[in-house]
């Protein structure tokens with residue numbers, strides 16, 4: 001039979017088991033913090049109806065959508081009825097609109113699932129990737145205070161991931177729009193276009209943005225462009241400095257004043273949530289590409305790895321599900337692109353492979369004693385210790401090699417000599433040491449060893 | 001703007017948060033046992049290349065495949081290059097063939113992901129559903145002992161799920177083929193056809209199967225058909241009875257003797273793995289529809305809910321990845337269809353909604369004291385207690401109603417009176433009781449309360 005070469009489609013991240021364990025550990029840390037902050041789990045189907053998924057604003061996104069068809073529906077032709085989700089926000093909007101009367105508001109949900117985008121194949125670009133989202137959705141209204149709670153979640157997640165210092169950068173869309181208003185840029189559309197240019201500052205630099213803003217299409221005065229560039233260059237260096245920089249902006253249009261007040265409230269409450277001041281800052285250049293943010297916006301950057309870009313972003317939006325319900329549902333949310341983050345952290349050498357989830361290998365010194373080895377494994381498992389028992393007969397050296405390659409830290413050895421004396425040998429493969437304990441002390445001893453090994457890793 | 005009605009595609013199971021928590025709990029129990037038995041996690045992309053997914057044997061499965069296309073590739077026409085996996089076995093075969101030289105054998109992997117089948121829309125039939133699989137893959141060979149380890153995993157999983165008594169039913173394909181050989185049915189194809197008919201016994205009854213076997217196409221003697229029906233009617237009622245029923249079969253063809261010996265070895269070792277004898281039995285009618293099983297086969301049935309059918313099935317196969325590699329990779333595996341199982345258990349009233357993952361609600365008695373409430377929430381979260389703090393001002397009665405509807409058990413209340421005396425009030429919403437503790441004792445007290453509440457549930 002001719003063989004089909006085994007390979008995945010391009011644009012996916014498939015991991016070997018020890019890497020998968022490391023990735024799983026990252027997801028568990030994220031999930032644990034989401035739950036500790038009182039967010040509830042939601043999972044939605046990977047497929048949504050096409051009319052739900054594709055709204056008029058589609059554009060770029062729509063061209064990246066993967067449509068799904070069974071053989072039967074392909075034969076019929078026409079636009080496919082279902083497609084794969086490209087983010088978790090549209091499914092959330094549909095979910096909240098569909099189950100509105102069975103949910104409690106403010107509705108706090110977390111969702112950690114894969115999404116799909118037909119991106120151009122490119123290193124570090126994924127067509128399938130995990131997003132880890134939390135959102136708080138209000139009915140009719142939602143206090144600005146929730147905008148301060150999410151940075152506290154971000155702080156807790158990335159502190160626990162132990163990937164170095166990071167800064168949660170805060171801005172407010174009203175503040176930005178108001179600032180443009182103060183400068184005479186009052187048309188909403190034009191403000192959006194200016195926001196989009198400002199968003200390119202990091203990638204293209206100030207000269208490019210100044211040229212665009214004063215050039216054809218925009219036609220802003222050079223002095224206005226300079227004031228905008230000066231404004232968006234603002235970064236704070238601590239809590240008091242952030243408040244001072246806000247105060248220095250003075251007063252202006254109603255939108256402007258509201259933006260300043262919101263950002264001040266958020267800053268004050270972030271501190272109350274226990275986030276150390278070195279972990280957050282205002283950055284008036286943060287605009288976020290998406291048009292639906294209307295107030296607070298966030299990005300999160302690793303201080304020592306700025307090239308990675310934002311590792312957690314989000315913001316406040318005015319109305320979640322206007323396409324599906326007449327209810328007014330304002331919300332605030334953040335998203336972590338876990339697949340890309342994991343890939344980048346690995347590229348940057350910030351994470352290695354995980355320790356195996358298998359903690360102990362019960363070796364097979366004497367095939368005739370197999371029931372004894374199986375009984376030991378059963379006892380360890382009942383004590384909550386992840387245990388593999390060698391069932392295939394073979395040389396002990398080969399069994400150790402297997403444990404070593406598989407990343408299993410401890411091996412248990414029992415031969416006729418040990419049986420006669422009612423003891424077992426525990427071999428620590430990392431330290432290449434072994435010692436004897438009584439059979440009765442096996443579980444207790446291994447628990448201590450495993451706790452120590454875990455403590456050494458963190 | 002015209003509204004699009006919010007709805008999911010047919011054939012998916014989308015859950016409200018408290019149901020999602022219950023489902024998540026089921027997955028966690030399964031995952032915990034898979035890991036305790038030393039299986040390693042693998043996740044594969046939801047999409048596989050079409051030539052990987054669809055091999056010649058396709059047939060029924062192929063007609064159920066969902067193809068995936070981006071807008072660009074739809075415009076090009078032709079057979080779509082990628083499709084959604086319909087099980088986790090084909091992806092496992094591709095994974096092992098692709099990463100063969102980086103894996104350790106025997107390779108023990110677990111995988112818990114969703115799969116997709118374009119089933120006819122029907123109550124209780126899902127087009128998207130979770131499968132939870134474990135497999136042990138050997139290189140060149142794999143000891144029969146692993147066939148005994150998997151029932152031990154099944155026993156541990158379903159014992160921990162607490163859904164009532166169950167029986168792991170065991171059979172062996174070699175035993176069945178050998179028995180047919182002994183009766184003169186020596187052609188392999190014909191044996192497969194007989195196996196398929198026998199597999200219908202539960203659904204169609206003995207008369208239907210006897211008629212088919214003696215009718216056109218098969219043309220077996222009535223006495224042969226009767227001996228087959230008698231054989232497949234065999235069920236054991238305990239460990240010794242299972243061995244006795246095996247012994248009573250006597251000797252026959254080489255395949256037959258091998259099947260008897262394998263099943264006997266498996267039975268002996270299952271006992272050594274600590275599975276109580278009331279949880280396993282031989283059942284010579286278990287054939288499993290899939291053609292690739294070659295030795296041991298399993299089904300698992302709830303004793304008190306036979307209508308649910310098998311809740312965990314699997315078996316031994318001769319070669320996992322013959323389409324993708326020349327390496328000979330025998331294996332044994334089981335699969336739990338978690339979505340269907342959850343749905344059926346809920347229909348049968350065997351599981352309710354989960355307790356909320358949110359353990360405590362810190363109420364807002366006095367808006368001016370918000371930083372204090374936030375600080376209490378932060379302290380509880382740092383202690384590992386999942387806590388929501390009310391940020392929206394509102395009446396206390398409304399806050400309690402929210403906690404009650406959301407399934408949050410404990411509320412923390414702090415007003416000016418409590419602040420003056422440095423105490424807090426803990427309200428147990430389930431018992432409708434409240435009591436006071438000193439501020440310093442809050443974490444300690446809540447931990448005890450939560451432990452008691454958890455103990456009451458299990």
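Computed from the coordinates by the stated procedures, all read-outs in this text should not be read as laboratory data. Nothing here was measured: the structure is a model prediction, and the numbers come from that model. No Cβ is skipped: glycine too gets one built from the backbone with ideal geometry, and neighbour counts run over all protein chains shown.
Just rank A:139, A:398, fewest to most, by other beta-carbon atoms within 10 angstrom.
Values: A:139 16, A:398 11.
Ordered by Cβ neighbours within 10 Å, fewest first: A:398, A:139.
For the Cα atoms of chain B, what angle does the longest principal axis make with the long axis of helix B:89-99, in degrees from 0 to 90, nearest 10?
The answer is roughly 90 degrees.
Taking the simple approach of a point 7 Å from Cα along Cα-to-Cβ for both residue A:253 and residue B:7, what is their distance in nm?
It is 4.3 nm.
Can you list the copy-to-copy distances for residue B:123, using a point 7 angstrom from Cα toward Cβ, in nanometres, shortest first?
Once sorted, the set of distances for residue B:123 reads 5.7 nm.
Given just the C-alpha atoms of segment A:311-404, how large is their convex hull per residue in cubic angstrom?
Numbers: hull volume 18.9 nm³, N = 94.
Dividing the Cα hull volume of segment A:311-404 by its residues yields 201 Å³.
Once the principal axes of the Cα atoms of chain B are found, what is the range along each, listed largest first in whole angstroms?
For chain B, the Cα spread along each principal axis is 92, 63, 46 Å.
To the nearest Å, what is the center-to-center distance of segment A:322-366 and segment B:69-84, using C-alpha atoms only?
Here the two parts' Cα centres lie 29 Å apart.
Compute the long axis of helix A:370-382 from its Cα atoms, compare it with the longest principal axis of the Cα atoms of chain A, and write down the angle in degrees, 0 to 90, nearest 10.
Between the helix axis and the principal axis of chain A, the angle is about 30 degrees.
How many percent of Cα pairs in segment B:360-457 exceed 22 Å? Write out the running numbers ahead of the final one.
Working: 967 of 4753 pairs.
The answer is 20 percent, as a whole percent.
Averaging sequence separations of C-alpha pairs under 8 Å and six or more residues apart, then dividing by the length of chain B, give the relative contact order as a whole percent. Working shown, then result.
On the way: 725 pairs, mean separation 73.3, N = 458.
In percent, rounded to a whole number, it is 16.
May I ask you to derive the FRET efficiency for residue A:125 and residue B:326 from their Cβ-Cβ distance with R0 = 22 Å, giving the value to the nearest 0.05? Before the final figure, lay out the partial values.
Working: r = 34 Å, r/R0 = 1.54.
In this case the efficiency is close to 0.05.
Note the full-extension length gain between residue B:444 and residue B:237 as 0.36 nm times their separation in residues minus their Cα-Cα distance, in nm to one decimal. Could the numbers behind the result be given before it?
Values: separation 207, 0.36 × 207 = 74.52 nm, distance 5.03 nm.
Taking residue B:444 through residue B:237 to full extension adds about 69.5 nm, to one decimal.
Report, in whole Å, the centroid distance computed from the Cα atoms of segment A:142-173 and segment A:192-264.
Result: 22 Å between the Cα centres.
Calculate how steeply helix A:222-232 sits against the longest principal axis of the alpha-carbon atoms of chain A, using the helix alpha-carbon long axis, and give the answer as 0 to 90 degrees to the nearest 10.
30
For each of A:44, B:445, count neighbouring Cβ atoms within 10 Å of the residue's Cβ, then give the residues from fewest to most.
Details: A:44 20, B:445 17.
Lowest to highest Cβ neighbour count: B:445, A:44.
Compute the label-point distances linking residue B:160 to its equivalents in the other copies; points lie 7 Å from Cα along Cα→Cβ; give nm, one decimal, shortest first.
2.0
Determine, from the Cβ-Cβ distance of residue A:405 and residue B:318 and an R0 of 22 Å, the FRET efficiency 1/(1 + (r/R0)^6), rounded to the nearest 0.05. Let's see the in-between values first.
Values: r = 26 Å, r/R0 = 1.18.
E(calc), rounded to 0.05, equals 0.25.
State the extension gain, in nm to one decimal, for the chain segment bounded by residue A:28 and residue A:433, taking 0.36 nm per residue of separation less the distance between their alpha-carbons. Can you show the working numbers first?
Numbers: separation 405, 0.36 × 405 = 145.80 nm, distance 3.18 nm.
Result: 142.6 nm gained on full extension.
What number, in nm² with one decimal, is the all-direction average of the projected area of the convex hull of the alpha-carbon atoms of the protein assembly as shown?
Working: hull surface 169.7 nm².
Averaging across all directions leaves 42.4 nm² for the Cα convex hull.
What is segment B:165-303's relative contact order, in percent, from Cα pairs under 8 angstrom and six or more apart in sequence?
So the answer I get is 53 percent.
Label-point separation (nm) for residue A:291 and residue B:208, each offset 7 Å from Cα along Cα-to-Cβ?
The answer from the label model is 5.9 nm.
For segment B:3-27 and segment A:389-429, compute the distance between their C-alpha centroids and round to whole Å.
Taking the Cα centre of each part, segment B:3-27 and segment A:389-429 sit 46 Å apart.
Hey, what did segment B:360-457 get for relative contact order, percent, Cα under 8 Å, at least 6 apart?
Working: 122 pairs, mean separation 24.5, N = 98.
Averaging sequence separation for qualifying contacts and normalising by length gives 25 percent for segment B:360-457.
Any idea how far apart residue A:87 and residue B:417 come out in nm if each label point goes 7 Å out from Cα toward Cβ?
4.8
Please arrange B:391, B:201 by counting, for each residue, the other beta carbons lying within 10 Å of its beta carbon, fewest first. Spell out each step's value before the answer.
On the way: B:391 23, B:201 17.
In order of increasing Cβ crowding within 10 Å: B:201, B:391.
At residue B:240, with labels set 7 Å past Cα in the Cβ direction, how many nm apart are the copies from this one, shortest first?
Residue B:240 label point versus its equivalents elsewhere: 8.5 nm.
Per-residue ellipticity at 222 nm for chain B, helices alone: DSSP H runs ≥ 4 residues times -39500 (n - 2.57), over residue total, nearest 500 deg cm²/dmol? The partial results should precede the final answer.
On the way: 18 runs with 190 residues, N = 458.
Mean residue ellipticity at 222 nm (helix-derived): -12500 deg cm²/dmol.
Tell me, what does the Kirkwood hydrodynamic radius of segment A:285-351 come to in angstroms if you use every pair of distinct C-alpha atoms?
Numbers: mean 1/r = 0.0733 Å⁻¹.
Evaluated over segment A:285-351, this radius sits at 13.6 Å.
Given a Förster distance of 35 Å, report the FRET efficiency between residue B:160 and residue A:268 from their Cβ-Cβ distance, rounded to the nearest 0.05. If you can, show how the numbers build up before the last one.
Details: r = 47 Å, r/R0 = 1.34.
After rounding, the FRET efficiency stands at 0.15.
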